[in-house]
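The values are calculated or read from the model by the stated rules, or taken from the named source; none is laboratory data. Computed from a predicted model, the values in this text were never measured in an experiment. All Cβ positions, even for glycine, are placed from backbone atoms using ideal geometry, and neighbour counts span all protein chains on display. Side chains included, ligands, DNA and RNA excluded: accessible areas come from the protein's heavy atoms. Shrake-Rupley method; radii C 1.70, N 1.55, O 1.52, S 1.80 Å.
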Amino acid sequence: SDFNDSYADVSLSYELNAGGAWSDYLLPGNATQGIELTISFPAGLYRVDNKGKQKATGVTLQGQYRLKDGEWEDFGLGRVEDNTNSATYRVYRKTGLPAGQYEVRVRCTGKDGSGLRYANKVQWIAATQIIPDDVIHPGKALLGLQALATDQLSGSEPNFTCLVTRKHIYAFNPAKNAYEAKAADNPAWAAYDILH
């Protein structure tokens with residue numbers, strides 16, 4: 001299921017200040033049918049009370065999207081509240097949109113507080129356009145890896161190994177003029193599949 005759509009990420013670095021102006025971006029291409037917005041809280045999202053205890057705090061975000069030169073529609077970001085001192089992210093998605101070129105914009109409409117007691121820096125770090133594809137990959141082994149995006153990755157791809165197996169190969173039967181499933185653990189059929 002993770003190989004059905006094409007995703008094109010664009011890295012952004014908009015800091016969103018309370019009551020600030022819109023930060024906007026025009027997605028390239030004209031076949032977009034879905035959009036993802038990635039919001040980052042690089043220092044976490046929390047506040048420190050008068051006793052030095054870490055407590056939850058929040059920010060309110062607003063996002064909009066539109067077909068190029070069309071009417072703005074709400075993306076549904078809303079309030080984000082957390083109590084963490086580690087970098088955290090939120091990803092918002094809209095799918096099922098009519099194909100076209102889209103413009104997106106985001107702003108922070110409010111923060112619970114400011115100053116040294118508040119860790120509530122918020123950044124819009126990526127916009128992703130989603131293009132549904134009914135692509136098939138005949139004869140290819142596809143591997144999906146789901147990993148938590150932490151600072152340990154540091155923008156690099158993790159090293160891993162895997163063993164890919166399959167139960168059947170498809171061999172052409174000239175008598176039936178069609179392909180038939182054959183056991184892949186049979187060395188003769190495995191060799192046939194490699195050659196074919």
Here is a list of conditions, (1) under 17 Å from residue 109 (Cα atoms); (2) assigned to a strand (DSSP E or B), and residue 20 meets all of them except one; can you say which number that is?
(2)
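Please find, among 104, 91, the residue that is of a type in the set (Val, Ile, Thr), open to solvent by less than 70 Å² (accessible area, probe 1.4 Å) and either touching a strand residue (DSSP E or B) at 6+ places or on another chain (Cβ under 9 Å) or modelled with pLDDT of 95 or more (or both). Give the steps one after another, and end with the answer.
Values: 91 fails: open to solvent by less than 70 Å² (accessible area, probe 1.4 Å).
Matching residue, one of 104, 91: 104.
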Would you mind finding the one in 14, 65, 25, 92 that is aromatic (Phe, Trp, Tyr) and within 30 Å of residue 143 (Cβ to Cβ)?
92
When you scan the stretch 57-72, do you find a residue that is within 17 Å of the chain's Cα centre (by Cα) and open to solvent by 30 Å² or more (accessible area, probe 1.4 Å), even just one?
no
